[in-house]
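Trainee: Got a structure for you, written out below as structure tokens; questions coming shortly.
The values are calculated or read from the model by the stated rules, or taken from the named source; none is laboratory data. Being a predicted model, the structure only gives us computed values, none of them experimental. FYI the Cβ positions are ideal-geometry reconstructions off the backbone, even for glycines, and counts take in every protein chain you see. Accessible surface is based on the protein model in full, side chains and every heavy atom, while ligands, DNA and RNA are left aside. Shrake-Rupley method; radii C 1.70, N 1.55, O 1.52, S 1.80 Å.
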Amino acid sequence: MTLDHAAAEDVLERFGMTWQAFDGDAWVELFTDDAEFREDPFEPALVGRNAIRAYLLRAAELQEQVDFTAERHWVVDPTILVAWHASYIARQDRVAVRLAGFMTLEMRDGRIARLRQWVRRRDGTAG
């Protein structure tokens, strides 16, 4: 299966929708069984669907009103390169948080086999 721009856009749309909904089942379906997920490319990876689901469930405890946008993406089969931004409200202190990042998604059989992201976080004020 060849990865093209439209297929990459579909993956990114589903990535954002499942994060915004904190839908653990749909989230892990985006990944291969042995996927590696690195929130920081220099830290150890979360490996496998259970670890990746736990990451999203932890995010659901900390975040609400998530908005994710893939600003621009490039495809070099089998990899998707993405410049993105997101925002959410931190549940604990009601602070608006803005994220800007870049990620690489290495695809295998239509699913994410390896995700690495670089993120810059900026906290706002409590709303």
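Trainee: Treat each spin label as a single point 7 Å out from the Cα along the C-beta direction, and report the residue 90 to residue 102 distance in nm.
Mentor: 2.6 nm
Trainee: Where in segment 80-111 is the amide nitrogen less than 15 Å from a point lying 7 Å along the Cα-to-Cβ axis of residue 121?
Mentor: The answer is 86-102.
Trainee: Oh, and also: Which of 80, 31, 100 sits farthest toward the positive end of the charge dipole of the chain, with +1 on the Cβ of Lys and Arg and -1 on the Cβ of Asp and Glu?
Mentor: Of the candidates, 100 comes out farthest on the positive side.
Trainee: Can you list which of the chymotrypsin sites (Phe, Trp or Tyr not before Pro) found in segment 37-110 are DSSP loop residues with at most 11 other C-beta atoms within 10 Å?
Mentor: 42
Trainee: Then there's this: Report the residues of segment 2-16 in range of a label on residue 77: point 7 Å along Cα→C-beta, backbone N strictly under 19 Å from it.
Mentor: Backbone N within reach: 2-12.
Trainee: Let me ask you something else. Could you work out what % of the accessible surface of segment 87-127 is carbon and sulfur, using a 1.4 angstrom probe and leaving DNA, RNA and ligands out of the count?
Mentor: Ligands and nucleic acids excluded, carbon and sulfur reach 44 percent.
Trainee: Using the Cα centre as the reference, give the magnitude of the dipole from point charges on the C-beta atoms of segment 23-127 (Lys, Arg: +1; Asp, Glu: -1; all else neutral), rounded to the nearest 20 debye.
Mentor: Once rounded to the nearest 20, the dipole reads 340 debye.
Trainee: Go through segment 10-82 and name the GluC sites (Glu not before Pro) that are in a DSSP coil and have 14 or fewer other Cβ atoms within 10 Å of their Cβ.
Mentor: Loop-located and lightly packed - none at all.
Trainee: Shape verdict for the chain, please, from the Cα gyration tensor: rounded (a/c under 1.5), prolate (a/b greater than b/c) or oblate.
Mentor: Judged from the Cα gyration tensor, the chain comes out prolate (a/c at least 1.5, a/b above b/c).
Trainee: Sticking with this structure for a sec: Using the heavy atoms of the protein chains alone and a 1.4 angstrom probe, what is the accessible area of the chain per residue in square angstrom?
Mentor: Per-residue accessible area for the chain comes out at 58 Å².
Trainee: Then there is this: Measure nothing but the geometry: give the 0 to 90° angle between the long axis through the Cα atoms of 49-62 and the longest principal axis through the Cα atoms of the chain, rounded to 10°.
Mentor: The angle comes out at about 20 degrees.
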